[in-house]
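*Asks:* If you scroll down you'll find the structure; I have some questions about it.
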Amino acid sequence: MAKPSTPLAGRIVLITGAASGIGAATAMEVRAQGGTPVLVDCDAEPLAATAAHCGPDLLHLVADVTDLSAMEQVVATTVERYGRIDVVFANAGVAAFGPLAYIDPMAWKRCIEVNVFGVFNTLRAALPAIKQTRGYLLINASVSSFAHPPVMSAYAASKSAVEAMADSCRIELAAQGVDVGVIHAGWIHTPLVTEGALHPGFVRLRATMPGPLNQETMPVDAARVIVRGMHQRKRRIWIPGWMRLLFALRALLHMPFAERELRRAAPEIEALYLEGLQTEGALASSFGPRERERALARARLP
């Protein structure tokens, strides 16, 4: 039994993208702070392993966030088991990499489907339950919601979109006692980032960034900040905290002086991408290994 003083005592927290990375670490921290995480992911085996690591008899549900009916079933199952949902963390996301002229169109589309429509489906399905508890919605918007690097147009577009979605929903739901927050995180040491490092173009992109902008935060440290933000029902959560300064200066990030190094590096990054396109194929050049395998599995379905 959780101590009454623990920040999330008795709270039911639904987390998408919970099989690894930020989602898995946040589930562990929710548990540590007295809450009950409900884990949702499209990858069954790592999801089950994460659930077992969090504790016995933890509800974990395999679902693709791009399927609204699947997310409605996730919410129905959660409410049936626990009677309520207090927090929803729309965290599931993928990244697509490549210049707009060469990236696989299906990879670009899939990034939007997961990162934008997946968030919409998660929130839309959960809203009736969240309104009942006057709860809290949290969206992983990333620093890419306002910093838009080359060869990551799909990811940047998707994160900009969900930040706008959150800002709009925050106003819509305020009168009903529902709070909405967004996370603006820099580099977190997750599979999404480590898979990116397999691509030479991605490595070259990161090399354009000065030291502080290139540092990685461990998922467990990010999770502590996220769960504290859940407890405080924050409008914005920055990881690391100094990202709030970058957010305040966001209008300057795409001035010519700020883009100078990226402009110099862009031709080399494109050349590295095209080299991978020739040797590995479009899908391998656009997605990391996990999402590439998911794409191939979807292609095999009747």
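The values are calculated or read from the model by the stated rules, or taken from the named source; none is laboratory data. No experiment lies behind these values; they were computed from the predicted model shown. Ideal geometry is used to build each Cβ from the backbone, glycine not excepted, and the neighbour counts take in all protein chains shown.
*Asks:* Kindly indicate whether ALA222 is surrounded by fewer than 16 Cβ atoms within 10 Å (Cβ to Cβ) and at negative phi.
*Replies:* Considered against the rule, which asks whether it is surrounded by fewer than 16 Cβ atoms within 10 Å (Cβ to Cβ) and at negative phi, ALA222 comes out as no.
*Asks:* Any idea how many residues of the stretch 147-193 are surrounded by fewer than 22 Cβ atoms within 10 Å (Cβ to Cβ), over 19 Å from ARG204 (Cα atoms) and among the polar types (S, T, N, Q)?
*Replies:* Count: 3.
*Asks:* Mind checking which residues of the stretch 54-102 are assigned to a strand (DSSP E or B) and without any contact (Cβ under 8 Å) to a residue 60 or more places away in the chain?
*Replies:* Correct list: HIS60, LEU61, VAL62.
*Asks:* Take VAL13 and tell me if it is outside any helix (DSSP H, G or I), within 19 Å of GLU291 (Cα to Cα), β-branched (Val, Ile, Thr) and touching a strand residue (DSSP E or B) at 6+ places or on another chain (Cβ under 9 Å).
*Replies:* Taking the combined requirement at face value, the residue does not satisfy it.
*Asks:* Kindly check whether there is at least one residue in the stretch 177-187 that is touching a His at 6+ places or on another chain (Cβ under 9 Å) and either among the charged types (D, E, K, R) or modelled with pLDDT of 95 or more (or both).
*Replies:* no
*Asks:* Could I ask something else about it? Being among the aromatic types (Phe, Trp, Tyr) and outside any strand (DSSP E or B) is the filter; apply it to the stretch 103-138 and report the residue that is farthest from LYS234 (Cα to Cα).
*Replies:* Ranking the candidates gives TRP108 first.
*Asks:* Of all residues in the stretch 127-156, how many are more than 17 Å from the chain's Cα centre (by Cα), in contact (Cβ under 8 Å) with a residue 60 or more places away in the chain and under 15 Å from MET230 (Cα atoms)?
*Replies:* Residues that pass the stated criteria total 0.
*Asks:* Could you count how many residues in the stretch 254-263 are over 17 Å from MET152 (Cβ atoms) and in a helix (DSSP H, G or I)?
*Replies:* The number of residues fulfilling the criteria is 3.
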